[in-house]
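Inspection log for the structure reproduced underneath, given as structure tokens.
The values are calculated or read from the model by the stated rules, or taken from the named source; none is laboratory data. Keep in mind that what you see is a predicted model, and the values were worked out from it rather than measured. For neighbour counting, all protein chains shown are included, and Cβ atoms are generated from backbone atoms with ideal geometry for every residue, glycine included. When the accessible area is computed, the model is the full protein with side chains, heavy atoms only, and any ligands, DNA or RNA have been set aside. Shrake-Rupley method; radii C 1.70, N 1.55, O 1.52, S 1.80 Å.
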Amino acid sequence: MSRNITADNILSKFLEHKKILSQHEEEILSETDTRCKMIDVLFKSVLGWEEVNIKREEYTSGTDKVGFIDYVFKSNNNQFLVEAKKNGNYFNLPKCNKKAKSYGILSKDKLTKEALQQAYDYCKNKRINVGCICNGYQLAVFLLNYNDNDNDTYIFNGLEDIEKDIITFINIFSPRSDANNTVINILNTANSNIRDLPQFTKRVSENIFNADAKINRNPLDSYLRPILYEFFSDLNFENEISDECYCNDERVTNYEKQLTALIVDDLPRLGIPVQEADYAFDEDFIRKEDDMFNRYGMSQVMIIVGGVGSGKTTFLHRYFKRVIPQPIKNNLIWLYIDFTQVSDESINIGSFILRQCLEQIRNQYQGLKIDDWDTLHEIYKPEIIRLQRGALKPLFEDNKKDFDMEISKFLCKKIDDQVVFAEDVVKHISRRQEGKKLICLTVDNADQMSDEFQKKCIMSAFEFTKKFKSLVLISLREESYWKLRNIKPFDAYQNFAYHISAPSVASIISQRIKVASKYRGNVEMEILLNGIKYKINVGKFLEIVSKSLFNNKQNPNIALIEALSANNVRLGQEMLITLLVSGHTNTREYIQTYLAQGDYTIPYHALLRSISLGDYKYYHSNRSLLINLFEIEDDGFFSHFTKIRIIKFLYERRNIKSSAGKGFASISDIYPYFKDICLNEQKFRIVLNPLLRNHLIEADNGYRAGGEEAEFVRVTSSGYYYVNYLLKEFSYLERLCEDTTISSNKHFEEIDKLTKEIFLIEDSGCGKRAVMKIRLKRMEVFLQYLESQEKADEPFINCNELQFLIMDEIISNFKKQSNRIIS
């Protein structure tokens, strides 16, 4: 049987294979290679079609066409045929529309016309209603006998188009779908968009030479990076430093009192009682450990649930290395399987787990002496006795030394097969009568892999507990637990979930800065200032950082990091590391001012610049820690403001209670408010995707990969911060100016011209003030463009709840900042 086919699995598989498909797109492949390397990958590896449900080269004859059909796909629900062409046969398909007539515009391209006609004739011969032509990356799917309609063909014009329209791609071609009804519904939709796609669209970054260029990191990078990774990464609790870095208190951010309700880490609605790990885990673990010994042979599973970067791995390491009571630790074999070590998802997961177990038992539990002669005799005692009484009996009775040599060969053969030997060792440890120990297998970070791989990991973990009567701990992200909780093997074992609440990012950063200063503060760093070498120790530099973040309760710098990290401790630490090593961070100025004045505070705009740009010279939202809120989505309305309107709409409902909890609103209930500016609910969910991925909103089930699986959503502190703080900041808006798709040729040319002037003046070294004047002028033009776009949206917005202006406040704040900057 095939893997469990879900929309998320298909998307995950598509993204996994997209890179190699793109490489093949650039090659010239034969038709056979195109089928094997591209079309088979799309339909089998991505969509999940089983080979037994695919007919290849099926002969057909009839009044219309005689030949061999490349593919016929047939399942209980779906049936269609595919005519394959080699990838060098480019179909000249229209880019402005997804729907077309096979006998109309598509017939103007010879290759497309001939391929469609061939597939159409095959469909008539086989009486299959849906046909498709495909060259490995372009697809045109048509309906038989649909010529009287306005359109009979739907187009996927390349891999990027498939990704953007992945839901439609799945709904047509998945084995679980019904291509005939899906294509009929698509073609019968009266209007493909609420308003036409903009006739002109371009980003300023497209005209920037080497827009992907990186910059050198700042002069302190070589000194700071090893220290930052030592103190601002996941803790392993191998020494006292980890203990001191661990932060248990939770502090609510103070940048606005009304944010308090937004940043409380409410437990997601996971469908079963979820206990707070801090209060329940230790007590329940001890009870389960005791239960496992008293009623030996019972398999149990404990699940650690938490958001991305919430500290699941830290919790597990700390518990088993520092917190667990010594009497339990003495009777426990803790085997920790970290799937971040796995890069190839095709591995045999069960074998990987067993090999890891064997390695850890050898290295960490040497007292078990699993490789000693006497222990090996214990492990294989029944087999050795059989040999002693059977095949090797004469040798055993006549020559004990030679008998032992044969047994040695037998044992060496056992040991050589690491997987089998690991299984035998684990069985021996878990079943021996003297010194019996409880085996606790912990599976961590599997949720960073694909959905299909996660399921295999969990299945292997459950098989482990069944086979060895052990206790298994599995750490999962909230969305992973939500998707998997009701499927096998979860429902076949006694298990319980514990939720890891995300700690305060600010308190963790503060604590780790203190510990880093304590242990590495005396490390000296050299920096060249005005041609003179100066020395400053790490402690003094971290003092600058600490004061810049924590010099008062209302500090905007730490508020920025805390809000944008959205309870993701790992992301918060990544932002701090980015700040301290980025080439955009002017460490020379920081240190020079500090040495001269004895004090320095990193400006907010400098912090924002470093975090948004990182190692790159120019901003692009796809690689930045900051999202572009003005980017247009494929929602049929193509507005710069839909994401902002969603956040504001949800914020107004932050105190309304629903079945999912305070502030959560049903997506199906929200969409009617947006129906005038979003084509359908499916498109609306597409707009939600970047907001969920970047945690500007959150789903009730913790799901962050996209809006398709979410049922309820609410605004987060990060979303609130973007709309109420970042959109008022020149330093954020300036980044968006270069990255936002501009749909007015007039405004684009003016912004592009000013951008080139900025680069020329910067290169000439004429001074910061001259550059700043042009930067402000460019921003003025950008905001004028956005204001004109908001006015163009207004006639379409009939919902009272959405009839608020966005640009007035942004422009007003810009004018105030502009006056301050140039004064």
Exercise. Could you tell me which numbered condition residue 300 fails, if it satisfies all but one of (1) touching a strand residue (DSSP E or B) at 6+ places or on another chain (Cβ under 6 Å); (2) at pLDDT 75 or above?
Key: (2)
Quiz item: Pick from 528, 542: which is modelled with pLDDT under 90 and on the phi < 0 side of the Ramachandran plot?
Solution: 528
Quiz item: Is there any pair with a first residue in the range 787-798 that is assigned to a loop (DSSP other than H, G, I, E, B) and a second that is surrounded by 13 or more Cβ atoms within 10 Å (Cβ to Cβ) whose Cβ atoms are under 7 Å apart and which are 6 or more apart or on different chains, and what are they?
Solution: 797/676; 797/677; 798/676
Exercise. Go over the candidates 194, 166 one by one and state the one that is under 27 Å from the mean Cα position of the chain (by Cα), at pLDDT below 95 and not assigned by the TED database to the domain that holds residue 545.
Key: 166
Quiz item: residue 738: modelled with pLDDT of 95 or more and out of contact with any Leu (no Cβ under 6 Å at 6 or more places or on another chain), yes or no?
Solution: no
Quiz item: Out of curiosity, is residue 679 hydrophobic (A, V, I, L, M, F, W, C), over 30 Å from residue 219 (Cβ atoms) and assigned to a helix (DSSP H, G or I)?
Solution: no
Quiz item: Can we say residue 43 is in contact (Cβ under 8 Å) with a residue 60 or more places away in the chain and under 16 Å from residue 137 (Cβ atoms)?
Solution: yes
Quiz item: Is there a residue in the range 512-522 that is at pLDDT below 90 and either assigned by the TED database to the domain that holds residue 717 or within 30 Å of residue 577 (Cα to Cα) (or both)?
Solution: no
Practice problem: Say whether the condition of being more than 24 Å from residue 617 (Cα to Cα) and hydroxyl-bearing (Ser, Thr, Tyr) is met by at least one residue in the range 811-821. | Solution: yes
Quiz item: Can you tell me which residue in the range 565-575 is nearest to residue 225 (Cα to Cα), limited to those that are open to solvent by less than 30 Å² (accessible area, probe 1.4 Å) and touching a helix residue (DSSP H, G or I) at 6+ places or on another chain (Cβ under 6 Å)?
Solution: 575
Practice problem: With the condition kept exactly as written, say whether any residue in the range 317-338 is assigned to a helix (DSSP H, G or I), among the hydrophobic types (A, V, I, L, M, F, W, C) and either modelled with pLDDT of 85 or more or touching a Pro at 6+ places or on another chain (Cβ under 7 Å) (or both). | Solution: no
Quiz item: If you go through the range 766-794 one residue at a time, how many are open to solvent by 60 Å² or more (accessible area, probe 1.4 Å) and at pLDDT below 90?
Solution: 3
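Residues are listed down the side, and each one gets a yes or a no for (1) in the same structural domain as residue 482 (by the TED database); (2) without any contact (Cβ under 8 Å) to a residue 40 or more places away in the chain; (3) open to solvent by 40 Å² or more (accessible area, probe 1.4 Å); (4) touching a Pro at 6+ places or on another chain (Cβ under 9 Å):
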{"position": "349", "(1), (2), (3), (4)": "yes, no, no, no"}
{"position": "355", "(1), (2), (3), (4)": "yes, no, yes, no"}
{"position": "386", "(1), (2), (3), (4)": "yes, yes, yes, no"}
{"position": "414", "(1), (2), (3), (4)": "yes, yes, yes, no"}
{"position": "429", "(1), (2), (3), (4)": "yes, no, no, no"}
Quiz item: Out of the range 724-757, which residues are of a type in the set (Val, Ile, Thr) and open to solvent by less than 10 Å² (accessible area, probe 1.4 Å)?
Solution: 740, 742, 751, 755
Quiz item: Hey, among the residues in the range 523-543 that are open to solvent by less than 80 Å² (accessible area, probe 1.4 Å) and of a type in the set (D, E, K, R), which one's nearest to the chain's Cα centre (by Cα)?
Solution: 543
Quiz item: Restricting attention to the range 472-488, does a residue exist that is at pLDDT below 75, hydrophobic (A, V, I, L, M, F, W, C) and out of contact with any Leu (no Cβ under 8 Å at 6 or more places or on another chain)?
Solution: yes
Quiz prompt | Every residue from the range 443-483 that is open to solvent by 30 Å² or more (accessible area, probe 1.4 Å), over 16 Å from residue 346 (Cα atoms) and assigned to a helix (DSSP H, G or I) | solution = 463, 466, 467, 482, 483
Practice problem: State whether the residues of the range 692-707 include one that is within 18 Å of the chain's Cα centre (by Cα), in a helix (DSSP H, G or I) and not assigned by the TED database to the domain that holds residue 483. | Solution: yes
Quiz item: Can you tell me how many residues in the range 722-755 are charged (D, E, K, R) and in contact (Cβ under 8 Å) with a residue 60 or more places away in the chain?
Solution: 6
Quiz item: Are any residues in the range 75-109 closer than 21 Å to residue 180 by Cα, small (Gly, Ala, Ser) and in contact with a Lys or Arg (Cβ under 7 Å, 6 or more places away or on another chain), and if so, which ones?
Solution: 84
Self-check item: Total residues in the range 672-693, condition farther than 16 Å from residue 638 by Cα and surrounded by fewer than 22 Cβ atoms within 10 Å (Cβ to Cβ)
Solution: 3
Quiz prompt | Count of the range 414-442 residues which are under 37 Å from the mean Cα position of the chain (by Cα) and outside any helix (DSSP H, G or I) | solution = 6
Quiz prompt | Total residues in the range 347-372, condition basic (Lys, Arg) and closer than 28 Å to residue 449 by Cα | solution = 2
Quiz item: So how many residues does the range 718-777 have that are touching a strand residue (DSSP E or B) at 6+ places or on another chain (Cβ under 9 Å) and either assigned to a helix (DSSP H, G or I) or among the acidic types (Asp, Glu) (or both)?
Solution: 7
Quiz item: Of all residues in the range 201-218, which are in contact with a Ser or Thr (Cβ under 6 Å, 6 or more places away or on another chain) and open to solvent by less than 60 Å² (accessible area, probe 1.4 Å)?
Solution: 203, 204, 211, 218
Practice problem: Among the residues of the range 563-594, count how many are without any contact (Cβ under 8 Å) to a residue 24 or more places away in the chain and not β-branched (Val, Ile, Thr). | Solution: 1
Quiz item: Between a first residue in the range 229-251 that is on the phi > 0 side of the Ramachandran plot and a second residue that is at pLDDT 80 or above and surrounded by 15 or more Cβ atoms within 10 Å (Cβ to Cβ), which pairs have beta carbons less than 6 Å apart while being 6 or more apart in sequence or on different chains?
Solution: 237/317; 237/318; 237/321
Self-check item: Failed criterion for residue 238 (all others in (1) at pLDDT 90 or above; (2) in a loop (DSSP other than H, G, I, E, B) hold)
Solution: (1)
Exercise. Considering every residue within the range 676-687, establish whether at least one is polar (S, T, N, Q) and within 18 Å of residue 7 (Cβ to Cβ).
Key: yes
Practice problem: Please go through the range 595-625 and pick out each residue that is acidic (Asp, Glu) and either open to solvent by 50 Å² or more (accessible area, probe 1.4 Å) or free of Cβ contacts under 8 Å to residues at least 24 places away in the same chain (or both). | Solution: 599
